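The values are calculated or read from the model by the stated rules, or taken from the named source; none is laboratory data. Everything quoted here is computed from the prediction, not taken from an experiment. Backbone-built Cβ (ideal geometry, glycine too); neighbour counts: all protein chains shown. Protein only, heavy atoms only, side chains kept; ligands, DNA and RNA dropped before computing areas. Shrake-Rupley method; radii C 1.70, N 1.55, O 1.52, S 1.80 Å.
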Amino acid sequence: QAQLVESGGGLVQAGGSLRLSCRSSSSTFSSYAMGWFRQAPGKEREVVAAISWGGTPLYYSDSVKGRFTISRDNGENTVYLQMNSLKPEDTAVYYCAAGKSGWSVGLTDFGYWGQGTQVTVSS
């Protein structure tokens, strides 16, 4: 079973930036969409951004549009989430997940999940 390992989380002040990375051990990484999700305490997990197998961004949540950018490097089996202009409300555990197809977008369209990385934005 493929493993997804996130990194890059941490503590940052409001207005700062972080870059999350998610490396996959799957040999079929380049065939599937990838997504970033987050879950804050007491809230449901939500889709933050999704990207097609070929690198086309498919979705950004309204709350991150214009601030976050999803990208991928199929040669490195890695998907990234560049987060700029961070706000305290971005504080959450961020997860990456592999889609069930090359164009997955919805939460239920994703299968394998990473263990998550904590992002904390202080005001």
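What is the percent carbon and sulfur in the accessible area of the chain, measuring with a 1.4 Å probe over the protein chains and ignoring ligands?
Working: 2910 of 6120 Å².
Here it works out to 48 percent.
Long-range amide H contacts for S104: which residues qualify at under 5 Å (H placed 1.01 Å from N, peptide plane, sequence gap of 5 or more or a different chain)?
The answer is A33.
Output wanted: per-residue J couplings in Hz (rounded whole) for segment 83-94, from phi through Karplus 6.51 cos²θ - 1.76 cosθ + 1.60, θ = phi - 60°, x for Gly and Pro.
For segment 83-94, the Karplus curve yields 10, 10, 6, 5, 10, x, 6, 7, 4, 4, 8, 9 Hz.
Which aspartates and glutamates have a Cα less than 19 Å from the Cα of K87, not counting those fewer than 8 places away in the same chain?
Here the aspartates and glutamates satisfying the reach criterion relative to K87 are E44, E46, D62.
Please enumerate, by chain and number, the aspartates and glutamates with C-alpha under 13 Å from the C-alpha of K65, excluding those fewer than 8 residues away in the same chain.
Straight-distance partners of K65: D90.
Provide the gained length on full extension for the span W113 to Q39, in nm with one decimal, where the gain is 0.36 nm per separating residue minus the Cα-Cα distance.
On the way: separation 74, 0.36 × 74 = 26.64 nm, distance 1.31 nm.
Answer, rounded to one decimal: 25.3 nm.
Which whole-number value in Å² is the accessible area per residue of the chain, probe 1.4 Å? Show your work: numbers first, answer last.
Values: 6120 Å² over 123 residues.
I get 50 Å² per residue for the chain.
Using a 7 Å offset from the Cα along the Cα-to-Cβ direction at both W103 and T56, what is the distance between the two label points in nm, to one decimal?
Each label point lies 7 Å from its Cα, and together they span 0.7 nm.
For the chain, what does the convex hull of the Cα positions come to per residue, in cubic angstrom?
Working: hull volume 10.9 nm³, N = 123.
Per residue, the Cα convex hull of the chain comes to 89 Å³.
At a Förster radius of 41 Å, what calculated FRET efficiency corresponds to the Cβ-Cβ distance of E89 and Q1, to the nearest 0.05? Can you show the working numbers first?
Values: r = 34 Å, r/R0 = 0.82.
It comes to 0.75.
Based on alpha-carbon centroids, what's the gap between segment 3-40 and segment 45-121 in Å, whole number please?
6
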